[in-house]
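The values are calculated or read from the model by the stated rules, or taken from the named source; none is laboratory data. Everything numeric in this text was worked out from a predicted model, so none of it was measured. Ideal geometry is used to build each Cβ from the backbone, glycine not excepted, and the neighbour counts take in all protein chains shown. To get the accessible areas, we keep the full protein, side chains included, count just its heavy atoms, and leave off ligands, DNA and RNA. Shrake-Rupley method; radii C 1.70, N 1.55, O 1.52, S 1.80 Å.
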Amino acid sequence: QDELVESGGGLVQPGGSLSLSCTASRNMFEFNAMGWYRQAPGNQRELVATMNVGGIPNVADDVKDRFTITRNNAKNTIYLYMNNLKPEDTAVYYCYARILRSEYWGQGTQVTVSS
């Protein structure tokens, strides 16, 4: 059973919006943190936004004015709302979760920003 199941993503024009969701197979409060990373071709995987068990977000500087991370505790789901998307946001977005030093990753979902 997959620990993290992602949905959302796709193709959007510059300036557009997309949302991603990630549902955990267990109670999300078992995780110390959940969030999103992304990896563009030829680049290392980088942090986009995470939220700790207390609900405090940590958002990368280059997206903090455009992206928002939220969660629905009852659904064990976190969301990433992305606004004013730019071509440089094009990447595979991965859901991430951590329990102490154990890391869990979703299968990845493609986000493409292009006209």
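Assorted remarks:
- A 1.4 Å probe run over the chain, with the rest of the protein chains in place, finds 54 Å² accessible per residue.
- Relative contact order (%) - the stretch 41-102, alpha-carbon pairs under 8 angstrom, separation at least six: 21 percent
- For the stretch 1-103, the carbon plus sulfur part of the accessible surface works out to 44%, probe radius 1.4 Å.
- Rough spin-label spacing in nm, given labels placed 7 Å along Cα→Cβ, for Asn84 and Ala60: 1.7 nm
- Against the compact-protein benchmark of 2.2 N^0.38 Å, the Cα-based radius of gyration of the chain scales to 1.00.
- Modelled label reach - Ser7, point 7 Å along Cα→Cβ, the stretch 16-60 residues with backbone N closer than 13 Å: 19-24
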